[in-house]
Structure formats: structure tokens, C-alpha cells
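Okay, structure first, notes after.
The values are calculated or read from the model by the stated rules, or taken from the named source; none is laboratory data. This one's a predicted model, so the numbers in the text were calculated from it and none came from an experiment. Cβ placement follows ideal geometry from the backbone for every residue including glycine, while neighbour counts extend to all protein chains displayed.
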Amino acid sequence: MTIDKSQIRNASTVIVIRDRHENPRILMGQRGAKAVFMPNKFVFPGGAMDVGDAHIPLASHLPDTCRDRLAEDADATLAHALAVAGIRELWEETGLILGEKGQWDTTPPDDWTTFAQRGYVPNAAPMQFVFRALTPPGRPRRFDARFFLVDADDVATDLDDFDAACDELSHLQWIALSDARSFDMPFITEVVLAEVEARAKDLAPPASVPFFKNNDEESLFLRLRGSPMAD
């Protein structure tokens with residue numbers, strides 16, 4: 001039996017790490033009790049990629065190493081949209097802006113209006129692709145999620161100001177990396193945390209990226225080493 005890819009949505013998740021060289025902390029929030037996917041769980045900001053994400057301008061693109069890793073075992077043209085989706089979800093769910101000062105050349109879509117009004121263009125250069133996970137079969141929703149690590153120093157706005165956030169995540173807070181596992185979180189988030197801990201003080205994109213691939217036949221833990229992406 002093969003995977004019905006029409007039932008799997010591409011998604012992006014952003015892990016913002018703060019004070020990584022002293023007492024590293026990560027930004028997490030709690031999903032609502034009535035959420036269809038992972039109710040009540042503490043998660044990183046993130047969500048499904050939208051069709052329009054492919055057309056949003058970027059001040060700077062992802063590092064080439066990350067684009068190559070994203071292109072392996074995937075549609076190579078998705079890299080831009082996945083980066084944009086992560087920046088959009090971070091903005092919507094936390095009110096934090098990953099962007100550079102600048103003006104848009106076109107009128108931004110509705111979900112980017114307030115981002116643009118603040119004088120920013122999304123910037124993917126600080127994003128490190130560090131993990132990929134495919135939701136196992138049998139779940140109410142399935143995602144092919146890419147996880148991006150971002151240093152808090154690259155966030156353009158006040159790290160403690162969540163006033164612009166939507167209500168999808170509650171209890172937004174900076175959690176010490178050493179304490180994170182005491183929170184109720186999905187299994188895959190715990191697995192990603194181990195990767196973040198290993199990379200907490202490493203500023204360079206990883207040479208290879210873990211891929212937790214769940215299909216209808218078996219679960220595989222692979223390493224993505226990169227398929228060069230043609231420009």
C-alpha cells in the first residue's frame with residue numbers, strides 16, 4: 001500500500017532559541033482543548049503551508065545547504081513556500097517577526113497586511129532546516145512537517161511581546177531547554193528537542209537532517225544529505 005499524498009499536507013514549524021550560549025530557552029505554546037490535531041499539547045509555532053506562500057517575496061532566501069536538504073525526497077520547488085509558511089505561522093501564532101526592514105513591491109495578501117504595515121519583508125536567511133517528520137497513518141490529519149531552528153537574535157521585534165498573536169496557541173512562553181520535557185508535548189516534539197539540544201550552540205546549518213518517515217508499510221529514521229536544487 002502506498003501513501004495517499006493527497007491526504008498529507010506540507011507544513012512548517014519554527015523553533016526559536018534564545019540565549020543559546022548561556023541558558024538556552026525555546027518558545028512554545030499550548031494548543032486548545034478542542035483542537036482536532038494534538039489538543040492540549042505544548043508545541044512550537046507552526047502549521048500547514050498555504051498555496052499563496054509560494055508567491056510571497058523574501059528579503060533573503062534560505063541558506064543553500066538547507067535548500068539542498070529540503071530538496072531530497074521532496075518536490076525541490078517547495079523550499080521557498082516552506083520557508084514563507086514558517087515565517088507566517090510564527091507571526092500569526094506569536095506576533096514575532098522574522099524579517100528585514102523594507103517595502104513590498106506588490107500589495108500583500110490579507111494574512112500579511114499587518115506584517116507589511118510594520119515595515120518588514122519576510123527573511124528566510126536565519127532559518128536552519130534541522131528536522132523533518134511525516135505524521136503516522138491513522139491520525140485525523142497528516143502532515144509532512146519541516147522544522148526550522150532560528151536564533152532569537154534574528155527576530156526583528158520584541159521577544160516578549162506576543163500582543164499581535166492570534167489565539168491558536170495559549171500560554172506562550174520561553175521554556176528552558178533543560179525543562180522542556182516536563183511539559184505535555186507530542187512524541188515527535190520530544191524527538192525534535194533532542195536534535196535541538198545537540199545543536200543548541202551550533203550556528204551552522206547541519207550537514208545532514210533527520211527524517212522520521214512514517215508510511216503505510218513501516219517507520220523509517222533517515223538522514224537527508226541533500227539533493228542540489230536547480231535555480
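Checked against (1) closer than 25 Å to Trp91 by Cβ; (2) under 16 Å from the mean Cα position of the chain (by Cα), Val191 meets all criteria but (1).
Of the residues in the range 112-123, how many are within 20 Å of Phe44 (Cβ to Cβ) and touching a residue at least 60 places away in the same chain (Cβ under 8 Å)? Give the steps one after another, and end with the answer.
Going through the range 112-123, the residues within 20 Å of Phe44 (Cβ to Cβ) turn out to be 115, 122-123.
In the following step, the residues that additionally are touching a residue at least 60 places away in the same chain (Cβ under 8 Å) were identified as 122-123.
Summing the residues that are within 20 Å of Phe44 (Cβ to Cβ) and touching a residue at least 60 places away in the same chain (Cβ under 8 Å) in the range 112-123 gives 2.
Residues of the range 124-178 that are under 20 Å from Arg9 (Cα atoms) and free of Cβ contacts under 8 Å to residues at least 60 places away in the same chain: Gly138 alone.
What residue, among those in the range 18-46 that are of a type in the set (Val, Ile, Thr) and within 15 Å of Phe143 (Cβ to Cβ), is modelled with the highest pLDDT?
Once the filter is applied, the top-ranked residue is Val43.
Counting residues in the range 109-125 that are among the acidic types (Asp, Glu) and within 17 Å of the chain's Cα centre (by Cα) gives zero. Residues in the range 82-96: is at least one among the hydroxyl-bearing types (Ser, Thr, Tyr), crowded, with 19+ Cβ neighbours inside 10 Å and closer than 21 Å to Val51 by Cα? Within the range 82-96, none of the residues are among the hydroxyl-bearing types (Ser, Thr, Tyr), crowded, with 19+ Cβ neighbours inside 10 Å and closer than 21 Å to Val51 by Cα.
Checking the stated criteria, Thr65 turns out to be surrounded by fewer than 21 Cβ atoms within 10 Å (Cβ to Cβ), more than 16 Å from the chain's Cα centre (by Cα), closer than 27 Å to Val191 by Cα and among the β-branched types (Val, Ile, Thr). For the range 111-145, a tally of residues being farther than 26 Å from Leu222 by Cβ and either modelled with pLDDT under 95 or of a type in the set (Val, Ile, Thr) (or both) returns 4.
Among the residues making up the range 50-89, a single one is farther than 15 Å from Phe129 by Cβ, in a helix (DSSP H, G or I), among the hydrophobic types (A, V, I, L, M, F, W, C) and touching a residue at least 24 places away in the same chain (Cβ under 8 Å): Ala54. For the range 179-206, a residue qualifies if it is in contact (Cβ under 8 Å) with a residue 60 or more places away in the chain and over 16 Å from Phe147 (Cα atoms), and the qualifying residues are Ala180, Phe183, Asp184, Lys201. Looking only at residues of the range 158-217 that are of a type in the set (Ser, Thr, Tyr) and touching a strand residue (DSSP E or B) at 6+ places or on another chain (Cβ under 7 Å), we find that the one that is nearest to Pro136 (Cα to Cα) is Thr189.
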